[in-house]
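Q: Please read through the structure below; I'll follow up with questions.
The values are calculated or read from the model by the stated rules, or taken from the named source; none is laboratory data. The structure presented is a predicted model; accordingly, all values stated were derived computationally and were not measured. A quick note on method: Cβ atoms are made from the backbone with ideal geometry, for glycine too, and the neighbour counts reach across all protein chains shown. The protein model used for the area step is the full one, side chains on, heavy atoms only, and it has no ligands, DNA or RNA in it. Shrake-Rupley method; radii C 1.70, N 1.55, O 1.52, S 1.80 Å.
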Amino acid sequence: MITVLLSILAYTTHLTPLQGQGCSLQVSPDERVSTLKHLVSEKLNVPVSQQRLLFKGKVLADEHRLSDYSIGPESKLNLVIKPPEKASPEDPRHRGPLPPFPTIWHPLGQVLARHFSTADAEKVLEQLQKDYERSLRLLSLDDIERLATWLLHPEVADAVEMGFLD
């Protein structure tokens, strides 16, 4: 059994730390993240659907085990409490949250761990994530529109690249 320390954040339009709030839970490293979320729900009365657990800045996927993320004794996790969904699932405009993107970080971390020490693999992965997020922040709306057109309508994007459309 390990003790996991949770730091609690409220998620509104931005992250707002709730000063002094936190809790600790005893769990096995082999437990799934989804099990930890159910324990958090029981202890803090926060619905599982409103929880997002983060470890070292990474969102934890429900189907993975805590040990998959190298969460050990006295690890500190952040619990982000999202506001309840306003649109109902029956509402055709409601599409639900986007899946965690990209899902490549965990497998990439595993590959790096095979070739580097744990500390070096974590440093490389962290730098890759920072570079990726920085690149996304630098995209203009025009860049996003061009990318969407290229992905959704490659024939139009090819014509634009060749100078047939502008």
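Q: GLU145 to ASP30: extension gain in nm, 0.36 nm per residue of separation minus the Cα-Cα distance?
A: Working: separation 115, 0.36 × 115 = 41.40 nm, distance 4.30 nm.
Full-extension gain reported as 37.1 nm.
Q: Right, next: Provide the gained length on full extension for the span HIS115 to LEU128, in nm with one decimal, where the gain is 0.36 nm per separating residue minus the Cα-Cα distance.
A: Numbers: separation 13, 0.36 × 13 = 4.68 nm, distance 1.59 nm.
So the chain would gain 3.1 nm between HIS115 and LEU128.
Q: Now for a separate question. What distance in nm separates the two pseudo spin-label positions at HIS153 and ILE104, each 7 Å out from Cα along the beta-carbon direction?
A: 2.7 nm
Q: Compare GLU42, GLU126 by solvent-accessible area with a 1.4 Å probe and give them largest first, with all protein chains kept in place.
A: Descending accessible area places them as GLU42, GLU126.
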